[in-house]
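A short worksheet on the structure shown next.
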Amino acid sequence: MCGYLESMTANETSRERSVLYTIGMIQSAVFSSMYFLAPFYMISALVLLIKSPTSHAVWLFVSPIVLSILVKPMHLPWLVRRLSPLLTYFDYEEIHEAKPRNVTQ
């Protein structure tokens, strides 16, 4: 599967393109669900931290937020290559008009 993700050539078969599209769709669904769930996680972590700041379970729950604040962002080119099926999933054509046209007429 790694070969699909690392090299996208002009001679892809439709099956390879379908596999990349499906992987991209799954990756997109994961990203979308994280964007939906992250605010609830942040709010619940804050509420739990205010409610019982000495609990070990609460600090375990809050630890990913604390770590993301303390650790500098990392450059991960291998991860970017693994996310290349997202480009296949969101493939679109950009259309430009040849000459301007008055839309109000």
Apply the Karplus parameterisation 6.51 cos²θ - 1.76 cosθ + 1.60, with θ equal to phi minus 60°, to every residue of segment 75-85 and state each ³J(HN,Hα) to the nearest whole Hz, in sequence, with x for glycine and proline. 8, 10, x, 5, 6, 5, 5, 5, 8, 4, x
Label model pair Thr13, Phe90: point-to-point distance (7 angstrom along the Cα→beta-carbon line) in nm is 2.9 nm
Phi to ³J(HN,Hα) by Karplus 6.51 cos²θ - 1.76 cosθ + 1.60 over segment 29-35, Hz, x for Gly, Pro: 5, 5, 4, 5, 5, 5, 5
How far apart, in nm, are the 7 Å Cα→Cβ label points at Met42 and Val66? 1.9 nm
Which sequence of Tyr89, Tyr35 reflects their accessible areas, 1.4 Å probe, from the largest down? Tyr35, Tyr89
With each pseudo-label sitting 7 Å past Cα toward Cβ, what's the Phe31-Ser55 distance in nm, one decimal? 3.4 nm
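The values are calculated or read from the model by the stated rules, or taken from the named source; none is laboratory data. Not measured: the values here are computed from a predicted model. Counting neighbours? That spans all protein chains shown, and the Cβs are built from the backbone with ideal geometry, glycine included. When the accessible area is computed, the model is the full protein with side chains, heavy atoms only, and any ligands, DNA or RNA have been set aside. Shrake-Rupley method; radii C 1.70, N 1.55, O 1.52, S 1.80 Å.
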